[in-house]
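Here's the structure we're looking at; comments come further down.
The values are calculated or read from the model by the stated rules, or taken from the named source; none is laboratory data. Everything numeric here is computed off the predicted structure, so don't read it as measured data. As a convention, Cβ positions derive from the backbone with ideal geometry for all residues, glycine included, and neighbour counts pool all protein chains shown. Heads up: the accessible areas ignore ligands, DNA and RNA and are worked out on the full protein's heavy atoms, side chains in. Shrake-Rupley method; radii C 1.70, N 1.55, O 1.52, S 1.80 Å.
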Amino acid sequence: MNIRASLYFMHRREISELVVRLDCGTNYETIYKHFSNGLKLYVIPKKRKIKTAAVVFNTGSCDTEFKLDGGICSVPLGTAHFVEHRMFEQSYGSVSEKFTELGAESNAFTDSGKTVYYFRTAENFEECFKLLLDFVQKPYFRNNELETEKKIIASEIKMYADDPAWQSYFAALSMLYPNSPVSEEIAGSVESIQKINADTLYTFHKAFYTPENMTVVCAGNVDAERIIKITENGINTENSSMMRINRRYNAVGGTKKVVGSNNVPSYTAAFPANIGCGKIKAGFLYRILGDMLFSESSEAFAEMSGKGLCTEAPSVAYISENGGILTVSGWSENPEETVKIISRALQNFVYGGRVDSIAFDRAVKRLLGEVMKALDDTHICITAQSEWNKERLTAPEIISMIKSIRERDIYYAAEKTENVCGIGICGK
């Protein structure tokens, strides 16, 4: 055992009931504790002036139907996002102003599967951390105050209606899975949010804002033992009887065109991608596959640019909802022809049976470099950890996972993309 490892194990004995994961090859340490009430805590020590913390709830825009206290509850589209907005208003006033008084920047976001509240600060970290843990557990919803919020969120929805990339993305999902919540915009619609009232918000909070559905992540030059004690003293012990209703939807496919103001149309092609492995690894596999097939050095992009269809390579993303979805997005003078090239490249890869080793190695190294670079930023690393928590993975394990990916894994991932495509196009 080397000196560094010896110091690590001494540190481990000093902090009771902790799992400390350290990979000397990566120099990224993560301290992890699983509380008896189900809450998960990650502390990522870093010698940085800026300290960050986040509370992550395992709930997002797709949670529109669930069981609670023996009954089935259905909530309007956009409820998770609406709760996120209203949590910053308490009986004493604005939570954001409290953070500002403490010298911190605070914010939150909701996606299809999670809701994250966070702050960044160079001072008063413990006071900010206590405030963060406190306000997310104390819902304060009043019907007479919701109308103003509805107007604010309606304006946000209308703003995204002018974003061609956003519109083509959800148009593609709506054609791939027409009846699934994943195809609906995260904030809902102007019509759906009108159905939300205080009882809706309280029900949603009771169901999902519980310790067993909650993860806390801190990063920076912070004291792990102090964070553990503050968390133990600041978290409620009560959990709800919530049970998710998981529905699977069959892929349909088709094309939807949305009128937009941009001259060069935005497009998104969405494919079912149910590889059957862990969600985190699946995301990495499809990132690598997308890099190999659609980066600036790919044959597909050479064909696109050669035909004058586009000047930038497509962007590739993966979402884990409904079994997994691979999306390829970009801008093109002829979106229909571009999507044909994308689909053909994917199918040729599946049936061609050949992996370009040079392209594979380059894609893996690029992904690994992006991850390790992100881990140096305290804010980005807590966002990443909030995603990796789905499978209780930490930075050293993520790095090892990427390094362990083989060419056959990429080929298998490609095989699992169904030959069904939802296409969204936004432009004149």
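Around residue 159, under 14 Å between beta carbons, what's the net of Lys plus Arg minus Asp minus Glu among the other residues? Net of charged neighbours comes to -2. By the Kirkwood approach, averaging reciprocal distances over each pair of separate Cα atoms, segment 189-293 gets a hydrodynamic radius of 19.9 Å.
The relative contact order of the chain comes to 23 percent, based on Cα pairs under 8 Å that sit 6 or more residues apart.
Among the trypsin sites (Lys or Arg not before Pro) within segment 237-309, those in coil by DSSP and having at most 16 neighbouring Cβ atoms inside 10 Å are 247, 248, 307.
Loop only per DSSP, at most 12 neighbouring Cβ atoms within 10 Å: give me the trypsin sites (Lys or Arg not before Pro) in segment 308-373, ordered by residue number.
Values: sites: 340, 344, 354, 362, 365, 366, 373; in loops: 354.
Of the trypsin sites (Lys or Arg not before Pro), the ones in loops of segment 308-373 whose Cβ has at most 12 other Cβ atoms within 10 Å are 354.
Packing order of peptides 101-108, 52-59, 207-214, highest average first: 52-59, 207-214, 101-108 (average count of other Cβ atoms within 10 Å over each peptide's residues). Compactness of segment 379-424 is given as radius of gyration and Dmax, 14.7, 38 Å, from Cα positions.
Roll a 1.4 angstrom probe over the protein heavy atoms and tell me the percent of accessible area of the chain that is carbon or sulfur.
On the way: 9410 of 19740 Å².
Answer for the chain is 48 percent, counting heavy atoms of protein chains only.
The fraction of all Cα pairs in segment 232-294 landing in successive 10 Å bins from 0 to the largest distance is 12, 24, 28, 21, 13, 2, given as whole percents.
Label separation (residue 334 vs residue 144): 6.2 nm, computed from points 7 Å beyond Cα along the C-beta direction.
Semi-axes of the equivalent ellipsoid for segment 33-118, please: Cα gyration tensor eigenvalues, times 5, square-rooted, ordered largest first, whole Å.
Square roots of five times the eigenvalues give 27, 19, 12 Å.
Relative to the current alpha-carbon distance between residue 299 and residue 161, full extension at 0.36 nm per residue lengthens the span by 46.3 nm.
Once you've got the Cα coordinates, tell me which of 114/229; 51/151; 46/98; 40/150 are over 29 Å apart. As for pairs spanning more than 29 Å Cα to Cα, those are 51/151; 40/150.
Leaving out ligands and nucleic acids, note down the accessible area per residue over the chain with a 1.4 angstrom probe, in whole Å².
Values: 19740 Å² over 428 residues.
Spelled out: the 1.4 Å probe surface of the chain, per residue, equals 46 Å².
Packing order of peptides 140-147, 326-333, highest average first: 326-333, 140-147 (average count of other Cβ atoms within 10 Å over each peptide's residues).
Rounded to a whole number, what is D in µm²/s for segment 127-196 from Stokes-Einstein with the Kirkwood radius over alpha-carbon pairs (4 °C, 1.567 mPa s)? Using the Kirkwood radius from Cα pairs, D works out to 89 µm²/s. Taking a cut-off of 21 Å, what percent of all Cα-Cα pairs in segment 133-240 are separated by more than that? In whole percent, the share of Cα-Cα pairs in segment 133-240 beyond 21 Å is 57. Coordinate range of the alpha-carbon atoms in the chain per principal axis, descending: 63, 61, 41 Å.
If you count, for each residue, the other Cβ atoms within 10 Å and average over each peptide, how do 405-416, 263-274, 217-228 line up from highest to lowest?
Numbers: 405-416: 17.8, 263-274: 22.7, 217-228: 19.9.
My ranking of the peptides, most packed first, is 263-274, 217-228, 405-416.
Here, segment 262-403 is characterised by an Rg to Rh ratio of 0.99, where Rg is the alpha-carbon radius of gyration and Rh the Kirkwood radius.
Against the empirical 2.2 N^0.38 Å scaling, what ratio does the C-alpha Rg of segment 76-161 come to? Don't skip to the answer; put the middle values down first.
Numbers: Rg = 13.7 Å, N = 86, 2.2 N^0.38 = 12.0 Å.
Compared with the compact-globule rule of thumb, segment 76-161 sits at 1.14.
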